[in-house]
Amino acid sequence: MDVGKLKCKYVFNVVDSKRLTLNFKFFISFLFSTICFAQNAETNYARSVITTLTSEEFAGRGYVDDGMEKSAEFIANEFEKLGLKKINDSYFQDFTMPINVIKNAKLKLNDKELKYGEDFIVKPSSYSQNFHQKEIYHFEPEYFAISLKYESSFIDFIQKDMLAQKGKHVVFPPYQFEVDSLNQYYKHWANFYKPEENQNRSIFYFTKDKLTASLSQVQDSIAEFIVNEKYYSKNLNIDDYGIESEFINNFKSKNVIGKIEGENKDSLIVITAHYDHLGKVGNVYFPGANDNASGTAFLLNLAKYYSKNKPKYTLIFIAFGAEEAGLIGSYHFVENPLIDLKRIKFLLNFDIMGAGEDGIQIVNSSIFTKEYELLNQINSKNNYLKQIKKRGEACNSDHCPFYEKGIPSFFTYTLGGAGHYHDPFDKGETLNLSEFQNIRDLFVEFINKL
Ligand SMILES: [Zn+2]
């Protein structure tokens, strides 16, 4: 239920009432339309932040076309406009990191040019390789599974596999083993062979699973494609392929940090969200609207609110870089803190904030039960969200490095929505933001009562 919308509807019904004089009608219409507009303005601001961060110019906020850099500049600029204070004279905390950047990738099978992100992706650790015409070796998962019954048949299978794969491209048909360790063996098959054996050939995994892109901080001597199962056939033709990747040892990234002083300056409440995403491969970029332009917009919304309403405790806002590569920005921050970590009363991390039709879920809420109870109380009193789902600890976003240091923290993400994740379809227009205002109001009251 959208309380904001309900209020506005009620007001306009009153305004329409025939019992009121024209002037009075005009006056309250003006008054309440300002209130209703103000409520929508919060979501409008979030929408404009998401539109900017997901635009092609920001190149998926990653490792090509200065995407991450441009995003950091944009956020610092918003901090400045909202009047957030700098720490040590800067909004930025710079750091460097290794990253394997997939700059371009193409694949043509059975005369069809496949689309990156939609039809295929490459493993993020892949190295550069151009097309080589070669025979294909089809790995046979059924025989592999059967061979596992006896040690002798397994050894036999491996010996045959070693001989048959030599100098060939390797194709893995779509197949799901019942035991996960076998799926792992399947996925890492090429790693069992020496780099020389994987030179000038590629590995092709066909899969039923949704294609979910990720990043790697290492480069392997293997070129691996993950392809939608609909392109698999026993008489597959590999017409063309190519991967262009670059291993950068010291890629420059940054965290963006701002401060709003509270009545009580001794304790700090830290609000965090990562602004980076997966970047761009060739001309396909990953907009990362839900992950995590939405969380960045949420953080900026809270900053906007508290720039006009002085908080009880001093608030520190941190937009982290390089989360998608393995929480790099937040680990860097806890190792090189610009604030006294011991003074942090509570940390709120937001990642994937664009939905909420099915409520929110909070990592660490079954650990910090007092804070969870408070949040639940506020929610039931105001009817903001359908549910606040409990969850234990999980090192899956930027709260984790802080939590590992003993800092009380929540990681909140929304439930529901279109379900696009780490693919080119996570676009701004797929987020309806219907619960955005409710979630913001919920956390404003929570922060005020901490
Ligand atoms: Zn994320």
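The angle separating the long axis of helix 22-53 from the principal Cα axis of greatest extent in the chain is about 30 degrees.
Residue separation times 0.36 nm, minus the C-alpha to C-alpha distance between F192 and K312: what's the value? Intermediate results must be reported in sequence, preceding the final value.
Working: separation 120, 0.36 × 120 = 43.20 nm, distance 5.71 nm.
Working it through step by step, the gained length comes to 37.5 nm.
Mind running the shape call on region 194-256? Use the C-alpha gyration tensor, a ≥ b ≥ c as the square roots of the eigenvalues: rounded below 1.5 for a/c, prolate if a/b tops b/c, oblate otherwise. Before the final figure, lay out each step's value.
On the way: a/c = 2.88, a/b = 1.57, b/c = 1.83.
Judged from the Cα gyration tensor, region 194-256 comes out oblate (a/c at least 1.5, b/c at or above a/b).
Toward the positive end of the charge dipole of the chain, with +1 on the Cβ of Lys and Arg and -1 on the Cβ of Asp and Glu, the farthest Cα among H138, Y275, Y372 is that of Y372.
Take the convex hull of the alpha carbons in the chain; its mean projected area over all directions comes to 26.2 nm².
Report the paramagnetic label zone for M162: residues of region 176-194 whose backbone N is under 13 Å from a point 7 Å from Cα along the Cα-to-Cβ axis. Correct set: 192-194. Longest stretch of the chain clear of exposed loop sites (GluC sites (Glu not before Pro), DSSP loop, at most 14 other Cβ atoms within 10 Å, sites excluded): 1-117.
At 0.36 nm per residue, and after removing the present C-alpha to C-alpha distance, how many nm does the segment from N396 to S90 gain when stretched out fully?
Details: separation 306, 0.36 × 306 = 110.16 nm, distance 2.83 nm.
Stretched out fully, the N396 to S90 stretch lengthens by 107.3 nm.
Between N44 and N376, the modelled labels are 3.8 nm apart [label points 7 Å from Cα along Cα→Cβ].
Taking Lys and Arg as +1 and Asp and Glu as -1, the other residues whose beta-carbon sits under 11 Å from that of N349 total -3. In the chain, the longest principal axis of the Cα atoms and the axis of helix 294-308 are about 20 degrees apart. For region 224-293, the set of trypsin sites (Lys or Arg not before Pro) satisfying both a DSSP loop assignment and a count of at most 12 other C-beta atoms within 10 Å is given as K234. Pairs exceeding a 26 Å alpha-carbon distance, out of K187/K234; K265/K449; K187/K390: K187/K390. From helices alone, the chain scores -10500 deg cm²/dmol at 222 nm; the rule is -39500 (n - 2.57) for each run of n ≥ 4 DSSP H residues, then divide by the residue total. Taking a ≥ b ≥ c as the square roots of the Cα gyration tensor eigenvalues, with a/c under 1.5 meaning rounded and otherwise prolate when a/b beats b/c, else oblate, which class fits region 307-450? It is oblate, given that a/c is not under 1.5 and a/b is not larger than b/c. The magnitude of the dipole of region 296-343, with charges of +1 and -1 set on the Cβ of Lys/Arg and Asp/Glu and taken from the Cα centre, is near 500 debye. Note down the nm distance, to one decimal, between modelled labels 7 Å out along Cα→Cβ at D239 and at F154. Going from the D239 label point to the F154 one covers 4.2 nm.
Using the Cβ atoms and a cut-off under 14 Å, what net charge is assigned to the surroundings of N88, where Lys and Arg are +1 and Asp and Glu are -1? Before the final figure, lay out each step's value.
Details: positive: K85, K86, K254, K259; negative: D89, D94, D340.
Its environment carries a net charge of +1.
Using the Cα centre of region 100-248 as origin and beta-carbon charges of +1 (Lys, Arg) and -1 (Asp, Glu), tell me which of Y175, S233, L148 is placed farthest towards the positive end of the dipole. Final value for the positive-end residue is S233.
Shape class for region 42-88, computed from the alpha carbon gyration tensor (a ≥ b ≥ c): oblate, with a/c not under 1.5 and a/b at or below b/c.
Net charge within 10 Å of P424 by Cβ-Cβ distance, Lys/Arg positive one each and Asp/Glu negative one each, not counting P424 itself? Could you put the intermediate results ahead of the total?
Values: positive: K115, K280, K427; negative: E118, D423, D426.
Within the 10 Å Cβ shell, the charges total 0.
The charge dipole of region 100-248, taken about the Cα centre with unit charges on the Cβ atoms of Lys, Arg (+1) and Asp, Glu (-1), comes to about 180 debye, rounded to the nearest 20.
Annotation: amide H-H contacts under 5 Å for G282 (H modelled 1.01 Å from N, sequence separation of 5 or more, or interchain): N104, A105.
Computed extension gain for I339 through Y143, at 0.36 nm per residue and net of the alpha carbon distance, reaches 64.7 nm.
The lysines within cross-link reach of K304, meaning a Cα-to-Cα straight distance under 17 Å and a gap of 8 or more places when in the same chain, are K81, K85, K86, K259, K312. Computed about its Cα centre, the charge dipole of the chain is approximately 1780 debye, with only Lys, Arg, Asp and Glu carrying charge at their Cβ. In the elastic network of the chain, a GNM with C-alpha springs shorter than 10 Å, the most mobile of P311, P408, P141 is P141.
Quick note: the coordinates plus some simple rules give every number you see, no bench work behind them. For clarity, every value in this text was computed on a predicted model and none was experimentally measured. Here the Cβ is made from the backbone with ideal geometry for all residues, glycine too, and neighbour counts use every protein chain on show.
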